[in-house]
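Quick notes on the structure that follows.
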Amino acid sequence: MGRLDGEPDREGLERAAKLAGTLDAAVVLSSPLRRAALTAEAIFPGHAIVHDERLAERHLGEWQGRAKAEVRAESPDAFTEAGTLDLLRTPPGGESFAELSARVGAVLGEIAALSPDARVAVVAHNGVLQAARILLGLTDVRTASRTPVRFARPELVLVDAPALA
């Protein structure tokens with residue numbers, strides 16, 4: 001989907017709502033795209049949510065809104081053997097992984113500057129979360145490129161403050 005601002009998956013929102021009241025966060029950051037923003041509201045009802053444009057999904061340029069099979073037929077070298085988009089491949093007219101990583105890294109830097117005891121929740125998209133995992137040293141770009149992420153499923157990743165330092 002990239003930057004297309006479609007409706008969130010109903011099943012994904014239902015799963016997110018089941019997390020309501022189970023997580024504690026002093027700060028909740030979310031992509032401004034509806035599918036993430038509504039997920040953040042479902043997980044943290046009544047909480048002040050900061051919508052940060054830097055957490056929006058990677059812009060997929062000419063591939064945005066097209067079926068993966070169509071893009072794969074047109075550009076087979078852009079995909080890994082697992083059938084996932086190679087993160088290091090820049091879609092025509094789209095955002096490079098380096099550009100995505102720079103904006104995600106800026107957000108992580110601001111989070112790291114907060115009190116070490118501050119609990120921060122980030123609700124974002126596959127590309128943003130993959131970039132964050134790589135920047136935090138939780139995975140590498142090749143592994144992240146080959147590892148499919150289940151679509152429209154809330155995923156909880158906990159990071160200790162020392163990983164941000």
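The values are calculated or read from the model by the stated rules, or taken from the named source; none is laboratory data. Just so it is clear, the model here is predicted, and its values are computed rather than measured. Here the Cβ positions follow ideal geometry from the backbone for every residue, glycine too, while neighbour counts run over all protein chains shown.
Okay, residues lined up against (1) more than 26 Å from Gly21 (Cα to Cα); (2) assigned to a loop (DSSP other than H, G, I, E, B); (3) modelled with pLDDT of 95 or more:
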position	(1), (2), (3)
Glu41	no, no, yes
Pro91	yes, yes, yes
Ala118	no, yes, no
Gln130	no, no, no
Worksheet item: Tally time: how many residues in the range 58-81 are without any contact (Cβ under 8 Å) to a residue 40 or more places away in the chain and among the hydroxyl-bearing types (Ser, Thr, Tyr)?
Response: 1
Worksheet item: Out of all the residues in the range 15-22, is one or more buried (at least 16 other Cβ atoms within 10 Å of the Cβ) and either assigned to a helix (DSSP H, G or I) or in contact (Cβ under 8 Å) with a residue 12 or more places away in the chain (or both)?
Response: yes
Worksheet item: Of all residues in the range 114-130 being touching a residue at least 40 places away in the same chain (Cβ under 8 Å) and under 19 Å from Thr84 (Cβ atoms), which is surrounded by the fewest Cβ atoms within 10 Å (Cβ to Cβ)?
Response: Asn126
Item to complete: Only residues that are touching a Leu at 6+ places or on another chain (Cβ under 9 Å) and either touching a residue at least 24 places away in the same chain (Cβ under 8 Å) or under 17 Å from Arg142 (Cα atoms) (or both): list them for the range 99-113, please.
Response: Leu100, Ser101, Arg103, Val104, Gly105, Val107, Leu108, Ile111, Ala112
Worksheet item: Of the residues that sit in the range 103-113 and are assigned to a helix (DSSP H, G or I) and among the small types (Gly, Ala, Ser), which one is surrounded by the most Cβ atoms within 10 Å (Cβ to Cβ)?
Response: Gly105
Worksheet entry | Ala56 vs. criteria surrounded by 13 or more Cβ atoms within 10 Å (Cβ to Cβ) and modelled with pLDDT under 95 | no
